[in-house]
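J.: The structure's right below; bear with me while I get my questions together.
The values are calculated or read from the model by the stated rules, or taken from the named source; none is laboratory data. The shown structure was predicted, so the numbers you read here are calculated from the model rather than taken from an experiment. Heads up, the Cβs are rebuilt from the backbone with ideal geometry, glycines too, and the neighbour counts pull from every protein chain shown. In case anyone asks, the SASA skips ligands and DNA or RNA and just uses the protein heavy atoms, side chains included. Shrake-Rupley method; radii C 1.70, N 1.55, O 1.52, S 1.80 Å.
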Amino acid sequence: MAPFPEQPGRFGSCQLHFTLFPREEYSLAMSADCELLLSGAGKLPWLMTEVQGGNNTYSGARAMCPTKEEITQWLWIVMGTEGKGAIFWSLNPRASGIESGEWALLDFQHQPTDRVAAVAEVGNCLKQHKTLFSEAKKLDPGISIVYIRESLWTEDIVSKGTPAAEDGRIMCMTNMLGYFKALSGSGITPNLKAFEEYDFSRPDYTGQTIILAHQIAVPLSYVPLLESFVQKGGKLIVDGMTGFYDGDVHNQMLTGFSLKNLFGGCISEFKRIDTPYLYRLKGYEQPVPGYGWKGLIRTDKGAETICGEGELPLASRFAYGKGEVVWVPGLLGSGAWKGDARHLPAGCGRSAIRTACPVPSKPIIKTS
């Protein structure tokens, strides 16, 4: 979602990718959705629309009735991500047609429900502390999970009409959300940005981290921006089959890997794995599970192997300018997404990411 300065604000629906999450993680889905909207809005104010007001029976992807506690939590997540408010779907139910008798905050006698009371409680708090909430800003955590639209489009194009579209190989979104889930569980709410929304114009990126999680298509025009980011002190964490294609769906493994100089190597081959591979990364106490594919790296001079299988490098660290690239061509985010207790005990994957991305020492909200 690119910013449009001529518009007074931006609006977004809270339904984005909610069906990927179980009910108990809808707060996480709301948080991810808010981060996407905050980034897309840029400097403009934004509102969340279509927050579910009440029970749905036959319409909607999942039948549910939000609790008053969920309503309260969702609203505070919106406000904590600089949202200026939320619009519910809907206040009162339709009497006929699709969605009749569904979704409403009010009951069938048009009386307020406990969900209305929850909305009023949040609203009253906002009024009592108007100055604080009108000026509050989310501090930059220094960690940005960056997605590339061409990756999502490419994944859709190459899998459409094939078994891959239905058998679990579509992993760009869930692998990325796995990092969001792991970091959020560690007390960090990372930025969630489209590539073109990231500010690559700064003179120094010391202390800043970008995570490219299984972004299978990287347009050639993006490579110099990534090189500049790392050259100026940024840390780039890369996993999965990032860069497998360019922006025109040409396979870069065959035609010349455009990220070779930045990553400090290229891929020998990717191997499909049916069970998680446990990456024992140098400096990490616990193994981190990778799903889907395992990439074999042909490292260049200067690249440090941080995980290997015999003499085959499976993960590397490469200094580039003032910064560095940590490259693990396996889907580590999917381990956090799946929450596999056998291979990812509580905190294991999170601590690995936390080591790579130090926790900010400042509070997450600031006021002017």
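J.: Let me know the volume per residue of the alpha-carbon convex hull for the stretch 131-246, in Å³. Intermediate values should be presented prior to the final figure.
T.: Working: hull volume 15.3 nm³, N = 116.
With only Cα atoms used, the stretch 131-246 gives 132 Å³ per residue.
J.: Per residue, how much space in cubic angstrom lies within the convex hull of the C-alpha atoms of the stretch 16-134?
T.: Output value, Cα hull per residue: 104 Å³.
J.: Under the 0.36 nm per residue contour assumption, what length would be gained going from the current alpha-carbon distance of R202 and L254 to full extension?
T.: Gain on extension, R202 to L254, equals 15.4 nm.
J.: Which residue, T242, T67, T162, has the most motion in a Gaussian network model of the chain that connects Cα atoms within less than 10 Å?
T.: T162
J.: Could I ask something else about it? Report the FRET efficiency, 1/(1 + (r/R0)^6), for W76 and E285, where r is their Cβ-Cβ distance and R0 is 35 Å, rounded to 0.05.
T.: It comes to 0.50.
J.: Probe 1.4 Å, all protein chains in place: accessible area of W327 in Å², nearest 10?
T.: Here the accessible area works out near 0 Å².
J.: Next question, about the same structure. Distance check, please: which entries in K232/K338; K127/K193; K68/K181; K137/K338; K181/K235 exceed 26 angstrom between their Cα atoms?
T.: Correct reply: K232/K338; K127/K193; K137/K338.
J.: Additional query: Using only the Cα atoms of the stretch 78-199, what do you get for the radius of gyration and for Dmax, in Å?
T.: Taking only Cα atoms of the stretch 78-199, I get Rg and Dmax of 20.4, 55 Å.
J.: How much of the accessible area of the chain, in percent, comes from carbon and sulfur atoms when a 1.4 Å probe is used? Spell out each step's value before the answer.
T.: Working: 9630 of 17580 Å².
Carbon with sulfur: 55 percent of the solvent-accessible area.
J.: Placing +1 at every Lys and Arg Cβ and -1 at every Asp and Glu Cβ, with all other atoms neutral, what dipole size does the stretch 214-353 have around its Cα centre, in debye to the nearest 20?
T.: So the magnitude is around 280 debye.
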